[in-house]
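Trainee: Would you mind keeping the following structure in view while I ask a few things?
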Amino acid sequence: MVKDISSYSNKGEAFEAADDVPVNCSTAPTFGDVVNARLGRRDVLRGALAVSALAVVASPAVLVSRAAEAAVSRYIFEEISHGVDETDHVPVGYSKNILIRWGDPLTAGAPDFDPMNQTAATQEQQFGYNNDYVGFVSLPEGSNSSDHGLLCVNHEYTNEEVMFPGIGGRQDGDMGFADMTKELVDIEMAAHGGSIVEIKRGDEGKWSYVKDSSFNRRLTMLSTEMALTGPAGGSDRLKTSADATGSRVIGMINNCAGGITPWGTYLSGEENFHGYFLGEVADGPEKANHERYGVPGGWYTWGTYHDRFDVGKEPNESNRFGWVVETDPYDPNSMPKKRTALGRFKHEGAESLVNKDGRVVVYMGDDQRFEYVYKFVTEGRYDPDNRAANMDLLDSGTLSVGKFNEDGTMNWLPLVFGTGPITAENGFNSQADVVIGVRFAADLLGATPMDRPEGFEPNKITNKVYVNLTNNSKRKADQLNVANPRAESLFGHTVEFTPPDGDHAADTFEWEILILSGDPNDPDVGAKWNDATTENGWFASQDNVAIDHQGRLWIASDQGSNWSKTGTADGIWALEAEGELRGTGKMFYRVPVGAEMCGPLFTPDDTTMFVAVQHPATDGTKDYPGFERASTFEDPATRWPDFDDNMPVRPAVVTITKDGGGKIAT
Ligand code: FEO
Ligand code: CA
Ligand code: CA
Ligand code: CA
């Protein structure tokens, strides 16, 4: 049977939906008998619990008045509605403006975007494709400006069928890359990576980017040299024919989410790196490793033209990807560093904070079905008065993996060479081996297999931590566990962690499920929301988390081609985590058809929200009423954001501000 992938645009989604078998074969215990035990004993929605507790001690009149008093949304805006069309939507009283688009000229002398004559050389000087993570650091350095700064943006992947003229459709799968050439591959490589770009707010409050700023920089797969530092830096397993030192690599790939460190550097997570490799894995020491990480994935044909992406020719090259990359945005000449101490996996993001004891804690998820949540605690302490002293904090510390218990606690289990089962008998000869193959070490410790960890972020106001589990269609009923209680979940859930006394370095946290996503009106979905959630307030397949400076949660969704199952394009929802309305969603922004919602991010004063519209016109356009076909460059489902017949559809970063000024949603 012909595999139909044409309704998917995210290569990851396509292959996960179609034929990517999860590679975690660890025999974690079966939790069938405790399914829902945790949901049953401690109510998902604390609001509901609080009301029933009140009912015991208070008269009905008191109960009503207390509930009414408490049930005022902390998010003041008029909710928008579910739906799908060719453009994006904000609430009444808000404005949206395009800040920067794929192809916009970035560096000094960069040419204007010419989609009919794009080359790798021009793309290297222009904003890349598929903006995902958006970070912001203020200018001047050391200030807390909300009007001027550097935007740090990941370019996760490319969609050749809507980027290049004359391409007959998606090239992976049955097309066998027939229309691809080395020239197009090199443009793809130049469109991956990251951008650092100076942005400013003008007199009328409108943001624009500063063309030719000396801060502007592209990080690309074609030419940006990066260092491999930490325990695996210089390891034999990172050596290739191009790099005998095992400590230098050109480029970063599939950078999904990230984070800004307390010292103002930009962290970027390399996610589905396996998809960029082709070839046959030879018998040898890396065979099991490649199998565990899904290498080669065959999503792109780079290996046809560049030997390093052919795993048969360069068996160690893929070990040089799958890391968290740290870049100093204030120094355009600095060399980005892959911080191997934080482990090698399909990194979603890397959000951090300064713990109460001064150590820095980074939260990270491995976004694949049945993979794990991780935490890194630095050995050294953050020095607020000496930036230089913080610059290598991420090279030493303790990486640990999450194991969830039925009693509402969870343990962070350290992944340290020579401890427990992490020894030579099990194939580990150094901490380098532990971080390169950290999934194997986590398996041995009995970590809890999750439903694809995406956004994972600490709330610096409440000290709670939130992780979004986006979906897991492959989890069978006998594979349920306390933290992942739905089989074949298309819709995702959000877990809240509470560190003891706000100590993020502690090895035991409490946890509970905040929401089970999806349509609360369909009993088959098994969703759990606060009853105050409206018909537009629920969402599915949550991905990124943002927390504004008032400690309020915002959630971005990525349903892939499943958007037609919920009847709404992706977007941003406010999500109450406190008080009587805990577990209530409220829709704030909606993307154009076929796009995924990335970002969001707030300026320090919360008056601007940056959002990244990724891969518009691609996902599930066969289900878009009236269009009902796959998009191509010549025939896209939308030409957002330019709506110009001479311009292709383009991923772009958008600013959202309140008309007349003021903090968002107040
Ligand atoms: Fe790139 Fe996990 O989303
Ligand atoms: Ca994405
Ligand atoms: Ca993501
Ligand atoms: Ca996603």
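The values are calculated or read from the model by the stated rules, or taken from the named source; none is laboratory data. Small disclaimer: the values here were computed from a predicted structure and weren't measured. Ideal geometry is used to build each Cβ from the backbone, glycine not excepted, and the neighbour counts take in all protein chains shown. The accessibility values were calculated without ligands, DNA or RNA, using every heavy atom of the protein model including side chains. Shrake-Rupley method; radii C 1.70, N 1.55, O 1.52, S 1.80 Å.
Trainee: What is the residue count in the stretch 542-587 for residues that are within 14 Å of ligand 3 (Cβ to nearest atom) and in contact with a Phe, Trp or Tyr (Cβ under 6 Å, 6 or more places away or on another chain)?
Mentor: Result for the stretch 542-587: 5.
Trainee: Still on this model: Please count how many residues of the stretch 489-510 are under 18 Å from D367 (Cβ atoms) and outside any strand (DSSP E or B).
Mentor: Adding up the residues that qualify gives 3.
Trainee: Where the second residue is more than 16 Å from ligand 4 (Cβ to nearest atom) and polar (S, T, N, Q) and the first is over 10 Å from A232 (Cα atoms) and in a loop (DSSP other than H, G, I, E, B) and lies in the stretch 330-349, which pairs have Cβ atoms under 6 Å and are six or more apart or on separate chains?
Mentor: Short answer, once both residue conditions are applied: P336/T327.
Trainee: Further question on the same structure: Which residue, of Y300, Y330, Y266, Y293, is modelled with pLDDT of 95 or more, within 16 Å of ligand 2 (Cβ to nearest atom) and among the hydroxyl-bearing types (S, T, Y)?
Mentor: Every option except Y300 fails the conditions.
Trainee: Next question. Please work out which residue is farthest from ligand 3 (Cβ to nearest atom), limiting yourself to the stretch 433-454 and to residues that are open to solvent by 10 Å² or more (accessible area, probe 1.4 Å) and over 20 Å from T508 (Cα atoms). Show your work before the answer.
Mentor: If we filter the stretch 433-454 for residues that are open to solvent by 10 Å² or more (accessible area, probe 1.4 Å), which is where we start, we get 433, 440, 443-446, 449, 452.
Then drop every residue that is not over 20 Å from T508 (Cα atoms), which leaves 433, 440, 452.
Working: D433: 28, F440: 24, R452: 9 Å.
Here the residue is D433.
Trainee: Right, another one. Could you grab the pairs with beta carbons closer than 6 Å, sequence gap of 6+ or different chains, first residue in the stretch 525-536 and at positive phi and without any contact (Cβ under 8 Å) to a residue 60 or more places away in the chain, second one open to solvent by less than 50 Å² (accessible area, probe 1.4 Å) and not polar (S, T, N, Q)?
Mentor: Hits for this filter: G526/R486.
Trainee: Here's something else I'd like to know. Consider only pairs whose beta carbons are under 7 Å apart and that are at least six residues apart or on different chains; among these, list those whose first residue lies in the stretch 440-462 and is small (G, A, S) and whose second residue is away from ligand 1 (no atom under 14 Å from the Cβ) and part of a loop (DSSP other than H, G, I, E, B).
Mentor: A441/L415; A441/I422; A441/F428; A442/L415; G446/A28
Trainee: Please go through the stretch 281-313 and give me each residue that is among the charged types (D, E, K, R) and either part of a strand (DSSP E or B) or surrounded by 21 or more Cβ atoms within 10 Å (Cβ to Cβ) (or both), ordered by number.
Mentor: Pass one, the stretch 281-313, residues among the charged types (D, E, K, R): 283, 286-287, 291-292, 307-308, 310, 313.
Result: R308, D310.
Trainee: In addition: (1) out of contact with any helix residue (DSSP H, G or I) (no Cβ under 7 Å at 6 or more places or on another chain); (2) crowded, with 23+ Cβ neighbours inside 10 Å: which one isn't true of A540, the others all being true?
Mentor: So A540 meets the others, but not (1).
Trainee: Quick check on the stretch 599-634: of everything there that is within 19 Å of N154 (Cα to Cα) and among the aromatic types (F, W, Y), which residue is farthest from ligand 2 (Cβ to nearest atom)?
Mentor: F602
Trainee: Need at least 3 residues that are at pLDDT 95 or above and under 22 Å from N272 (Cβ atoms) per element, so show me which strands (runs of 3 or more DSSP E) inside the stretch 362-447 make the cut, counting only ones lying wholly within it.
Mentor: In the stretch 362-447, 373-381, 397-404 are the strands (runs of 3 or more DSSP E) which contain 3 or more residues that are at pLDDT 95 or above and under 22 Å from N272 (Cβ atoms).
Trainee: Now for a different question. Among the residues of the stretch 488-495, are any crowded, with 17+ Cβ neighbours inside 10 Å, in contact with a Leu (Cβ under 7 Å, 6 or more places away or on another chain) and of a type in the set (S, T, Y)?
Mentor: Checking the stretch 488-495: at least one residue is crowded, with 17+ Cβ neighbours inside 10 Å, in contact with a Leu (Cβ under 7 Å, 6 or more places away or on another chain) and of a type in the set (S, T, Y).
Trainee: For the stretch 223-274, list the strands (runs of 3 or more DSSP E) that sit wholly inside it and hold at least 1 residues that are open to solvent by less than 10 Å² (accessible area, probe 1.4 Å) and within 16 Å of ligand 3 (Cβ to nearest atom); which are they?
Mentor: 255-260, 266-270
Trainee: A further question follows. Which numbered condition trips up D407, out of (1) in contact (Cβ under 8 Å) with a residue 40 or more places away in the chain; (2) open to solvent by 50 Å² or more (accessible area, probe 1.4 Å)?
Mentor: Of the numbered conditions (1) in contact (Cβ under 8 Å) with a residue 40 or more places away in the chain; (2) open to solvent by 50 Å² or more (accessible area, probe 1.4 Å), the odd one out for D407 is (1).
Trainee: Give the residue that is nearest to D407 (Cα to Cα), with candidates limited to residues of the stretch 446-482 that are of a type in the set (A, V, I, L, M, F, W, C) and out of contact with any strand residue (DSSP E or B) (no Cβ under 6 Å at 6 or more places or on another chain).
Mentor: The residue in question is L480.
Trainee: Same structure, new question: Among residues belonging to the stretch 251-285 that are β-branched (V, I, T) and farther than 14 Å from K337 by Cβ, point out the one that is farthest from ligand 4 (Cβ to nearest atom).
Mentor: Taking the candidates together, the pick is V281.
Trainee: For the stretch 573-594, name all the residues that are among the β-branched types (V, I, T) and more than 13 Å from Y75 (Cα to Cα).
Mentor: Within the stretch 573-594, V591, V593 qualify.
Trainee: Looking at the stretch 625-633, can you tell me whether even one residue there is open to solvent by 30 Å² or more (accessible area, probe 1.4 Å), among the hydrophobic types (A, V, I, L, M, F, W, C), away from ligand 3 (no atom under 16 Å from the Cβ) and touching a residue at least 40 places away in the same chain (Cβ under 8 Å)?
Mentor: Checking the stretch 625-633: at least one residue is open to solvent by 30 Å² or more (accessible area, probe 1.4 Å), among the hydrophobic types (A, V, I, L, M, F, W, C), away from ligand 3 (no atom under 16 Å from the Cβ) and touching a residue at least 40 places away in the same chain (Cβ under 8 Å).
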